[in-house]
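*Asks:* The structure is given below, and queries will be raised subsequently.
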Amino acid sequence: MSETGSAIAPPAPPPGVRLPAIVPPFLSRPTRPLVTLLLAYLTTILGSLMLAAIVQSFAPQAESPDFSQLSGVTALVALVLFAPLVETLIMGLFLSILLRFCAPATAIAISAIGWGVAHSVQAATWGLVIWWPFLIFSTLYVVWKQRSLAWGLAMPFLVHAMQNSLPALAVAYPDRFAALI
């Protein structure tokens, strides 16, 4: 209570970041991390599944990424920990550079498109699906970096690891989780 007897209001959250129009507005403020993680994961996985179904319907014979050299724990570590960590660090570096020269919405869009192109090198149609989660990961970085660099890196890393977890299980243990692919 203040001297006047009224309750002290909590500090206002940082102003929202202007995002690309396609990004859900709940991602615009760095508040409620656990809720944001859950909603961001649902947004990335559902969007990816929808885009994958669309791509599959137009290009049923399209090449998929080849992870046949990975199995078991190695696949899980590579796909759930290593890839999200390295890609988050690279994404953060490029977004930090982009944000010096363009608005957040533009930097986020360029990042998502860039990651889509980069993933298309391994399988051409993969980039048509991957741009969506990277739009969300890039948004998380830009928004949560307002709190700190640690938050800016942690939030997209965690959602990326969650995004990769089901496909990683299918790669690691195809006999048990083949239906996930």
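Derivation of every value follows stated rules applied to the coordinates shown; laboratory data play no part. Note that the structure is a prediction, hence the values are computed from the model and not measured. Note that each Cβ is placed from the backbone with ideal geometry, even for glycine, and that neighbours are counted across all protein chains shown.
*Asks:* Name the residues whose placed amide hydrogens come within less than 5 Å of the amide hydrogen of Leu70, ignoring near sequence neighbours (fewer than 5 apart) on the same chain.
*Replies:* Amide H neighbours of Leu70: none.
*Asks:* Round to the nearest 10 and give me the degree value, 0 to 90, for the angle of helix 149-172's Cα axis relative to the longest principal axis of the chain.
*Replies:* It is inclined by approximately 30 degrees.
*Asks:* Determine ³J(HN,Hα), in whole Hz, for all residues of the range 114-130 in sequence, where each value follows from phi through the Karplus function 6.51 cos²θ - 1.76 cosθ + 1.60 and θ = phi - 60°; x replaces Gly and Pro.
*Replies:* x, 5, x, 5, 4, 6, 6, 4, 7, 8, 3, 7, 4, x, 5, 9, 5
*Asks:* Work out the length of the dipole vector of the chain about its Cα centre, built from +1 on the beta-carbon of each Lys and Arg and -1 on the beta-carbon of each Asp and Glu, and round it to the nearest 20 debye.
*Replies:* Value, rounded to 20: 460 debye.
*Asks:* Provide the FRET efficiency to the nearest 0.05 for the Gln122-Leu38 pair, computing r from the beta carbons and using R0 = 30 Å.
*Replies:* 0.55
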